[in-house]
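Visitor: Got a structure for you, questions after.
Derivation of every value follows stated rules applied to the coordinates shown; laboratory data play no part. No experiment lies behind these values; they were computed from the predicted model shown. Every residue, glycine among them, receives a Cβ derived from its backbone with ideal geometry; neighbour counts consider all protein chains shown.
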Amino acid sequence: MGGCVPLYAVIFITIFVTLFGALLLFAASKVGKVYKDKVKDETYECGIAVQDKVDTKISIKFYLTAILFIIFDIEIIFMYPWAATYKEFIASGNGLYSLGAMGIFMGVFIFGLWWEIKSKALEWE
Amino acid sequence: MGSDIFEVTVNALKLVTIFLVMVSLVPSLVWLERRGAAFIQDRLGPNRVGPLGLTQLAADAVKFIFKEEFVPAKAIKFMFYGAPVFALLPASLALCALPLGPIINIIPFEAFGQTWGPYIFSIQGYEASLGILFVLAASSLAVYPILMAGWGSGNKYSLFGALRGSSQIISYELAMGLAILGVILIFGTFNLNEMVTAQNGPLSFSAFDYSMTLSFLPNWGIFYQPIGAFLFLAAAFAESNRLPFDLPEGESELVAGFHTEYGGLKMNLFFIGEYGHMIVASALMVIFYFGGYLIPGVSPEQVTQFLSGFIDSQNMTAVLSGLIHLGAFSIKVFIFLWIFIHVRWSLPRFRYDQLMELGWKTMLPWALGNLILTAVIMAAIH
């Protein structure tokens, strides 16, 4: 205990889980029979010959979603320390000050969300 | 991990046990899901192998291991093999940080000609003082195995499934994060243990100068955060890729999504990861909104007192009381796991644009509104 995260325990379970999975996979690769076949090794494509490259074109919406996620997630993470201390602020009589300060930040957040919806950044055709 | 060999051993054993229990819960859940689905659809389900079809689990496990180990020629080997192993990690890391029972105080005792103790053990893998943040950080790692599998398979269907999966998971993480913020506001802490202890006793509101106690209801978070609880549950479904949010593996469009090229044990490891996520989500739901390991109407002290009427040893009483609370926690978690299974066989799948619209345009504003409402009410009633 102490500290934010018990580092040794986390490292221990990480190594244990990785070894568990790796050993199981290793065992499975030794036990099962393998029949090599050129056609079988091909990429799956509904029974016909492979049509397209793997690195095919991807809708730009996925990138946009990822960018928007990062922006909004960081904004949400900034609210976490506020939420944890809000009760103490109220108890010490500064609740309204804390709420107002956060209100400005939330105003920016809501404006961002509104703008995002209005500019049709979230429309999937 | 501890000061002497006994403490280190116990702590390590706890971690290993939690992980192995999670892994071995998966076949039972699969059986429950198949039987439950069968009964919902007016069938019988697997009932031939052993009593109630229970040995089907063992048969499945053996079958998975003995299957052929297949790698497509175009796969990137490291990613293809790494993804299923990595898929186990997020759920087990998160599960180990959850409090499963009260703290056990062990007073000094004699064994092997030596005095051991005193010790303080908690029924949880490890105690992260920033509980929620650690759990969120660990469980959001779940995007990586999906992307690794999608890219490593060298298959279009896998790639599209992985992209859909990851963008769905990150979209619903926003609503989930905001729903959890409401919980943090109510309890004023990040620590999961403190949250559970705060839900002890009967439900009591205090507004202005009045205070009201409803002695027939427990002091659970659901009564303070009903909207938040619903949003969290919905987001949890999306995070663990379960129906109605299982777009990443929508078989009508994408064959099997990111695990199209996987089979046998590798596929099984993905399964363990997915069910592990379900277990973590149910456990978080219980901890945030349903009193964690607490038994409604009975406080941990009362349980200990009751037990000490039968048992002399103080250490045994502490351990037994811990196990009873662990049992209560498991029952609550199983109720939620059953809800996960029941919903899967009751609701149809969303279309992808509907899914993103629900996440960004419905759940995100509702969660934000819930947060603001909670904050304003908390300030107003003081």
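Visitor: Using a basic spin-label model with each label point 7 Å from the Cα along Cα→Cβ, how many nm lie between A:T14 and A:L64?
Guide: 3.6
Visitor: So what are the three principal axis dimensions of the range B:5-380 from its Cα atoms, in whole Å, longest to shortest?
Guide: 64, 61, 42
Visitor: Next question, about the same structure. Report the Rg/Rh value for chain A, based on alpha-carbon coordinates and the Kirkwood definition of Rh.
Guide: That ratio is 1.20, to two decimals.
Visitor: For every helix of n ≥ 4 consecutive DSSP H residues, a contribution of -39,500 (n - 2.57) applies; sum these over the protein assembly as shown, divide by its total residues, and give [θ] at 222 nm rounded to the nearest 500 deg cm²/dmol.
Guide: Calculated from helices alone, the mean residue ellipticity at 222 nm is -21000 deg cm²/dmol.
Visitor: Let me ask something else about it. Can you tell me the 0 to 90 degree angle between the C-alpha axis of helix B:56-66 and the longest principal axis of chain B, rounded to 10?
Guide: Helix B:56-66 sits at roughly 50 degrees to that axis.
Visitor: So what's the net charge close to B:T55: Lys and Arg +1, Asp and Glu -1, counting the other residues with Cβ under 15 Å from its Cβ?
Guide: Around B:T55, the charge tally is +3.
Visitor: Now, a different point. Report, to two decimal places, the Cα Rg of the protein assembly as shown normalised by 2.2 N^0.38 Å (N = number of residues).
Guide: 1.04
Visitor: Could you compute the FRET efficiency for B:E68 and B:L13, with r as their C-beta to C-beta distance and R0 at 51 Å, rounded to 0.05?
Guide: For R0 = 51 Å, the calculated efficiency reads 0.90.
Visitor: At a 10 angstrom cut-off on C-beta neighbours, averaged per residue, how do the peptides B:375-381, B:13-19 rank from highest to lowest?
Guide: B:13-19, B:375-381
Visitor: Next question. About the Cα centre, and with charges only on the beta carbon of Lys, Arg (+1) and Asp, Glu (-1), how big is the dipole of chain B? Nearest 20 debye, please.
Guide: Approximately 1000 debye in magnitude.
Visitor: To the nearest Å, what is the center-to-center distance of the range A:71-120 and the range B:10-82, using C-alpha atoms only?
Guide: If you average the Cα positions of each part, the centres end up 43 Å apart.
Visitor: Let me ask something additional. Just how many % of Cα pairs in the range A:58-113 lie over 13 Å apart, if you round to the nearest whole percent?
Guide: Of the Cα pairs, 66 percent sit more than 13 Å apart.
Visitor: Could you pull out every one of the lysines with an alpha carbon less than 26 Å from that of A:K36, ignoring same-chain neighbours closer than 8 positions?
Guide: A:K36 reaches A:K53, B:K63, B:K67, B:K74, B:K77, B:K156, B:K266.
Visitor: Here's a follow-up. Quick one: 3J(HN,Hα) in Hz for the range A:111-118, Karplus 6.51/-1.76/1.60 with θ = phi - 60°, rounded, Gly and Pro as x.
Guide: My calculation for the range A:111-118 gives 4, x, 5, 4, 4, 5, 5, 5 Hz in order.
Visitor: Here's a follow-up. Full-extension gain between B:L54 and B:Y210, please, as 0.36 nm times their residue separation minus the C-alpha to C-alpha distance.
Guide: 50.6 nm
Visitor: Can you find, among B:L52, B:I123, B:V298, the residue sitting farthest towards the positive end of the charge dipole of chain B, where Lys and Arg contribute +1 and Asp and Glu -1 at Cβ?
Guide: So the residue we want is B:L52.
Visitor: To the nearest 0.05, how large is the calculated FRET efficiency for B:D312 and A:A91 if R₀ is 41 Å and r is the Cβ-Cβ distance?
Guide: According to the calculation, E is roughly 0.40.
Visitor: Continuing with this model, one more query. What is the sum of charges, Lys and Arg at +1 and Asp and Glu at -1, for the other residues whose Cβ falls under 10 Å from the Cβ of A:A28?
Guide: Result for the neighbourhood of A:A28: +1.
Visitor: Kindly provide the Kirkwood hydrodynamic radius of the range B:146-272 in Å, to one decimal, from all pairs of distinct alpha carbon atoms.
Guide: Taking the inverse mean of 1/r over all distinct Cα pairs, the range B:146-272 comes out at 17.2 Å.
Visitor: Expressed as a rounded percentage, what relative contact order does chain B have, with Cα pairs under 8 Å and six or more residues apart?
Guide: The normalised contact order for chain B reaches 22 percent.
Visitor: What's the magnitude of the charge dipole for the protein assembly as shown around its Cα centre, counting Lys and Arg as +1 and Asp and Glu as -1 at the beta-carbon? Answer in Debye, nearest 20.
Guide: 1140
Visitor: Also, I was wondering about something else. Roughly what would the spin-label model give for B:H342 and B:F112, points 7 Å off Cα along C-beta, in nm?
Guide: Using points 7 Å along Cα→Cβ, the separation is 4.9 nm.
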